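Below is one structure, written out as structure tokens; comments come after it.
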Number of protein chains: 4
Amino acid sequence: MSCHNSVVVQASADEVWNVLRDFLDMSWAPEVIEQCEPQGGLPGTQIGAKRILNGTFQETLVGLDDHARTLRYSIDDGPDAVSKDNVQGYIATVQVLPITDTGESLVLWTSSWEWSGGGVAQFCNPIYQALLGQLQKHFR
Amino acid sequence: MSCHNSVVVQASADEVWNVLRDFLDMSWAPEVIEQCEPQGGLPGTQIGAKRILNGTFQETLVGLDDHARTLRYSIDDGPDAVSKDNVQGYIATVQVLPITDTGESLVLWTSSWEWSGGGVAQFCNPIYQALLGQLQKHFR
Amino acid sequence: MSCHNSVVVQASADEVWNVLRDFLDMSWAPEVIEQCEPQGGLPGTQIGAKRILNGTFQETLVGLDDHARTLRYSIDDGPDAVSKDNVQGYIATVQVLPITDTGESLVLWTSSWEWSGGGVAQFCNPIYQALLGQLQKHFR
Amino acid sequence: MSCHNSVVVQASADEVWNVLRDFLDMSWAPEVIEQCEPQGGLPGTQIGAKRILNGTFQETLVGLDDHARTLRYSIDDGPDAVSKDNVQGYIATVQVLPITDTGESLVLWTSSWEWSGGGVAQFCNPIYQALLGQLQKHFR
């Protein structure tokens, strides 16, 4: 099972990537992420960096690629459907692609997991849609 | 070296892919491709299908994937910068991605090659831009 | 959820791919696939080709790529854990990679699915291991 | 143009990845890399980390992915064919894949570049082969 959400953002791929690539800075999504608490002391571009979002989502940066403009993280524990009792092997991927004819970019926020007790996509899709909406608003 | 061109098309990924996936049907690009001549008798969704575009570009379908909505072909010979004397190992890839918040799609037309005597990107980029423009027009 | 199986085969990537790429020819796995029945009349390198394996597995070729030496198919219905009532959106991918220092190749047989009632990996992993064992034997 | 080199290593994908993932530790290749000098103060798992190999190869970590066991770096300047006057946009990728039936792993060291004055593959292939030989020796 998996989530697939994507939007066009009115900024270049480099500009959008520059905002997204720091795993510990979610200040571009103020209406969705009220609190982004770093854990463990690693900077937001070091693999293994950890954050707690809104006091509940525990996430770890597992991949970052400036060349492919791609970021990958795990959800290790969280509320409801993404608690560690209900989902295992949860990996989310954020990718920025250039739209060459307008200079804008496409941002894809996808995720998949190895096992779950159900309800994960229904829980996560609205969150990703809200985050992508915040990203559009940030560059409008 | 490589070419990277992409546009937003006002139709769903499935609709756009349905038009693109037949390698021997270029009727969606009438202002750029005046003639698409099948060679060798294979249908346009069989790997190994061959076409000659506008009497000069000799191309072979090397990959087609309905799941990833991706098509891949080689240019085996052609005019000017894409003649077999000037470029070797030329592979082009066309991919369709859904833009979930609007129901539109992003189409990427990229290419790369193993060796060239120069001038390939300058020659090919305007052609891919024209083809992508035709695709947008087809769905407008 | 997903399956991941891979083996080294004592033949070049081109030789192995040449055996694997025809979706309707499973004669290289005689001890596992007793019957490979084509359905619908398309040849085994045309996207959309269908086969029934051992009278029960109903599969469709959804992707084939001579450049990436990759083949992708869906299981549409089958026995036990892969019946259409127990699994949805089942896609398997076979890829051949060259091992350059020995001239051998690595073959990866992976699969994933969108939803299942359980037991799919336990059912499928031994089948893929048996198929990959047959492939090794074919080239020994 | 591009380089493609790969070898089987007698250790699990996790063990091999654990050795490779620190961009600033090349101690597993003592016969090829006599000196690995960190530049700029970032640790070897932070994107943007820089190293100078053997006093001449200037390289930057551009991607690292623990999930895909993939590392990507640029060569920014170097001797002979990889000097910045002879090659532009040089990106190398190292990937570790599990070989499930033996518990060993395949390591792929590939690279590509946007432009060069020639001779890059001839210069780089023996270096990658030597590095991969060192990796095999490290785990033997």
Q.
Over segment C:2-138, what is the relative contact order in percent, taking alpha-carbon pairs closer than 8 angstrom and at least six residues apart?
A. 30
Q: Taking 7 Å along the Cα-to-C-beta vector as the label spot, tell me the residue D:4-residue D:39 distance in nanometres, rounded to one decimal.
A: 3.1
Q) Per the Debye formula with a single identical scatterer at each Cα and no solvent contribution, what log10 I(q)/I(0) holds for segment B:2-138 at q = 0.13, 0.21 Å⁻¹? A) -0.52, -1.39
Q) Once the whole set of protein chains is in place, how much accessible area is left on residue A:114, using a 1.4 Å probe, in Å² to the nearest 10? A) 80
Q) Could the peptides B:60-67, D:41-48 be put in order, highest first, of the mean number of other beta-carbon atoms found within 10 Å of their residues? A) B:60-67, D:41-48
Q | Net charge of Cβ neighbours under 11 Å - reference residue A:131; Lys, Arg +1; Asp, Glu -1 | A | 0
Q | Local electrostatic count, residue C:92, Cβ distance below 9 Å [Lys/Arg +1, Asp/Glu -1] | A | 0
Q) In segment B:12-90, which GluC sites (Glu not before Pro) are in a loop and have at most 10 other Cβ atoms within 10 Å, using DSSP for the loop call? A) B:31
Q. Hey, what number do you get for chain A at 222 nm if only DSSP H runs of n ≥ 4 count, each worth -39500 (n - 2.57), divided across all residues, to the nearest 500?
A. -6000 deg cm²/dmol
Q) Mind checking the mean number of beta-carbon atoms from other chains within 10 Å of the Cβ atoms in D:72-82? A) 1
**Q.** Charge context of residue B:13, other residues only, Cβ under 15 angstrom, K/R +1, D/E -1
**A.** -4
Q | Peptide A:40-53 - average C-beta neighbours from other chains (10 Å radius) | A | 3
Q) For residue D:83 and residue B:136, what is the calculated FRET efficiency with R₀ set at 56 Å and r taken between the beta-carbons, to the nearest 0.05? A) 0.85
(Q) Can you tell me which lysines have their Cα less than 26 Å from the Cα of residue C:84? Leave out same-chain residues fewer than eight positions away. (A) C:50
Q: Classify the protein assembly as shown as rounded, prolate or oblate, taking a ≥ b ≥ c as the square roots of the eigenvalues of its Cα gyration tensor: rounded when a/c is under 1.5, otherwise prolate if a/b is larger than b/c and oblate if not.
A: rounded
**Q.** Accessible-area order (highest first, 1.4 angstrom probe) of the listed residues D:21, D:140
**A.** D:140, D:21
Q: Check the straight Cα-Cα distances from residue A:137 and name the aspartates and glutamates below 18 Å, setting aside those fewer than 8 residues away within the same chain.
A: A:14, A:15, A:25, A:31, A:34, A:104, B:101
Q) How big is the charge dipole of segment C:2-138 about its Cα centre, in debye rounded to the nearest 20, if each Lys and Arg gets +1 on its Cβ and each Asp and Glu gets -1 on its Cβ? A) 120
Q.
Compute the helix-to-body angle for D:120-138: its Cα long axis versus the longest principal axis of chain D, expressed 0 to 90° and rounded to tens.
A. 30
Q. What's the carbon and sulfur percent of segment D:50-140's accessible surface, probe 1.4 angstrom, rounded to a whole number?
A. 49
Q. At what distance in nm do the modelled label points of residue A:54 and residue B:114 sit from each other, each positioned 7 Å from its Cα along Cα→Cβ?
A. 5.2
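The values are calculated or read from the model by the stated rules, or taken from the named source; none is laboratory data. Values in this document were obtained by computation on a predicted structure and should not be read as measured data. No Cβ is skipped: glycine too gets one built from the backbone with ideal geometry, and neighbour counts run over all protein chains shown. With ligands, DNA and RNA removed, areas are computed over all heavy atoms of the protein, side chains included. Shrake-Rupley method; radii C 1.70, N 1.55, O 1.52, S 1.80 Å.
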